[in-house]
Structures are given as C-alpha cells and as structure tokens.
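Accompanying notes for the structure given below.
The values are calculated or read from the model by the stated rules, or taken from the named source; none is laboratory data. Everything numeric here is computed off the predicted structure, so don't read it as measured data. Cβ: placed from backbone, ideal geometry, glycine included. Neighbour counts: every protein chain shown. Note: accessible area is taken over every heavy atom of the protein model, side chains too, but ligands, DNA and RNA are not part of it. Shrake-Rupley method; radii C 1.70, N 1.55, O 1.52, S 1.80 Å.
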Amino acid sequence: RFSVKTLIDRSCFETIDDTSPEFNNFAAILEQILSHRLKGQITWFGYESPRSFWDYIRVACRKVSHNCICSIENMENVSSSRAKGRAWIRVALMEKHLSEYISTALRDFKTTRRFYEDGAIVLGEEANMLAGMLLGLNAIDFSFCLKGEGLDGSFPAVIDYTPYLKFTQSSDSISSDEEELRTLGSSGSEGSTPENVGPPFITDENSWYNKCKRVEQKYRLALEQKGYLEELVRLRENQLSESVSQNKLLLQRIEDMDLAHKMEKEQLEYIIVELQDQLTVLKNNDLRSRQELTTHLTNQWPSPGALDVNAVALDTLLYRKHNQQWDEKSFQSLDQLSAEVSLSQSSLDPGHSQDGKQDRMNLLNEGKEDTPSLLGLCGSLTSVASYKSLTSLKSSEYLASPTTEMTSPGLTPS
C-alpha cells in the first residue's frame, strides 16, 4: 500500500521511469511477493533447481487477451528468467494491464498451487487485495527502457524501507485534495438559494469532517509506523540477548580452557622435574658403579713384580726341560714349585720378615699328593709369555715323557 501510494503521489509531479526510486522499490516489492515460497523445478535426476516467478506468469497469464508473453519470450537482449520477469512488470505497467494479469493468474488456483508451497502470499487471503491495490496504477503513464540495467537478473531485488518509516503527504497533494473537496462541496450546493443559510453550514461541516478524516489517516499512518518500529526494536533486543548469552558461554569456555591449560602446564613441569631427579640419580649410580668396578679390577690384578718373578720361574723350568735336565724327583709336587717361586719372590723383596721365610720353608718340606688339578698354579695368566708356556704345559705328553724334544725354538733362560 505504501509503495503504490508513494508511486501515485510522485506521478503527480514527474514522469515515472527507471530512474525513479519509488518505482524501483515498487518493482522490488512486487518481485518479492511473486517469489515468496516459490517451488523449485524437479529435474530428471531428482534434484530441485531454483526458478523465477516468470515461469509461473508465463503459464498462468496465457488466457489474458492481447498478452505480451510471446513478445517478451522473443526479446534478444533478455536471456535469464529473472530478467524476463522484470521486463514483464514494465511492459504490463506501460500497457496498464498489470492488475488484469495478476487477477487472472490468481484465479487459476490449480496452477498457483502447482508452483507455490503452502504459506505463500499468493495463496493467502491478502492475495485478493493485491489486484485491487494495483488497479490505481492504471492512471499513471509509465515510460521504461527495456534495455536498461534494471533488467539485469544477476543482482537480487532489494526493498528500501526508509521512505515508509516517515511518510508525509506533500503540500501540493494536500492542496489538490482540498481543491477536489471544495469542488465537490460547490457542486452539491448549486441548487440552493443564497437566502438559505443551511448550505454554508453544511459546507463548513463537510470541511471539518474532511479535516478530521485527514488527521485520522495521519494518525493511522503514524500508528503503523510506530508498530513497525516497535517490532524492529523487539527483534533487535532478542538478537542482542542471544548475542549476550552466546558471549557469556564463549567467555566461560575460554576460562575453562585457560584453567585446563594451566593445570596441564603445572603437571608437565612437575613431570619434567621428576624426570630430571631420576636422571640425576641414574647418573650418580652409574658413576658409583664405574668406580666400584675400577676398584675391584685394580684389587684383583697382580703386582708387576710378582708377574715378572712368575714369568722368570716358568721360563727357567722350560729351559731345564729343553736341555734334558728334568728331574722328576726334584719336586715332589707342583706345590713345591709354587713354594720355590714364592721363595724367589721373597728373596727379591727385601721388605719381608724372617717369619715369612720360615713359613715358606715349612710349606716346602710338607709333602702333598701330585694331582693334575694344581697345574693351573704354575706361572701367571696375566703374562703373555707365561700364558703361551702354560698352554704348552697342558699337554699330558710333555709331563709324561720328559725326554721328548721341544719343538719351540728360541727359548732362552731369563
């Protein structure tokens, strides 16, 4: 109603064309009404593709006499379906048949139900008022260019509600309405005589009544604008409350994540400190083990002097055997050989006491059974030369046959 009213008021002072903002707003509103809850087109594959209101107008307005459907279909510069629908609105306004097109399409209820879903504007009760509202546009002369930018179907139709938030009737329109009322009042009082005082009083009463009607119209208009603004404010308040609640939830979630991050960081720091302590303990244990192993190996290793004495004694024994000077009765057992080696070591060591010499002599005089288990006591295993000599002594042939010739050359007494 507002768009039609503003369009009629603007037409009183200038020609309506594509550059008029009132017409652009009216065309956008009409396009939105005809596109409200429009069904999509089902393809052969079962998918639903969107379509424009021109598909509905092309089918429902075929019955209008001298219609412009075929001419719009054959336009060369209009290719898309939305652009053809916008061209149809302009051609119907220039032909002054827009109300007839809409009423004919709405009467074809079967076709309308096929193209629109439940709840659409064209299927409601308000659709019956649409044709009556558009009937007042037949008094306006429109002039459009069907090759302009307004026919481009690439951008959607946008409705501008700014002119309807504060609508005031122009002074020229008010004066024209008053002129019409005076003309109607004068035509009703032509048959009355000047002596009759009734007609002036009736004329004044009509003028006051018309003023009251105009004030009432302004009041209703302001009331509608007030209701629209209140509804808009209520919508914005709901959106603001939802935004505040979502903001609180996000802040609470951020605090929880921050707390969890701090706790996880503290746990990781505690784990790192514990691992460092365990690593320190393991390093200390490893160092202590290394020291103990070194001490143990050092205590078990014989002194260099003893190694040299044992090597000299064993080399002397091998030299005697090589020169066939082996005397089986010279030593009753291998323990006597060990005692002799010990005596030789004690003779080389001046620090030993006389008691130690006496003990070794007593051990030499004692007789023990000659067993092969004591062969390992001859020589020193740590000396390379003694180890090679001990390997040659392990053969029972050398001990059983002292007359056998030695095959190892180069043996000299030490």
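Sorting H66, H296, H97 on solvent-accessible area from highest to lowest, probe radius 1.4 Å, gives H66, H296, H97. The accessible-area ordering, largest first, of the residues M94, M75, M129 stands as M129, M94, M75, per a 1.4 angstrom probe. Accessible area per residue for segment 20-61, computed on protein heavy atoms with a 1.4 Å probe, is 51 Å². Rolled with a 1.4 Å probe across the full set of protein chains, the surface gives F144 an accessible area near 30 Å².
Descending by average beta-carbon neighbour count within 10 Å, the peptides 13-19, 262-268 line up as 13-19, 262-268, the highest first.
Taken as Cα centroids, segment 70-129 and segment 24-67 sit 7 Å apart, rounded to the nearest whole angstrom. Under 5 Å from the amide H of I16 lie the amide H atoms of S143, each residue being 5 or more positions distant or on a separate chain, with H modelled from the backbone and absent for Pro and chain starts. Net charge near S71: determine it from the other residues with C-beta under 15 Å of the C-beta of S71, scoring Lys and Arg +1 and Asp and Glu -1. With Lys, Arg at +1 and Asp, Glu at -1, the net is +3.
Annotated for segment 1-160: lysine pairs at least 8 residues apart or interchain, Cα distance under 23 Å, count 10. In the context of the full protein assembly, S20 retains an accessible surface of approximately 10 Å², using a probe radius of 1.4 Å and ignoring ligands and nucleic acids.
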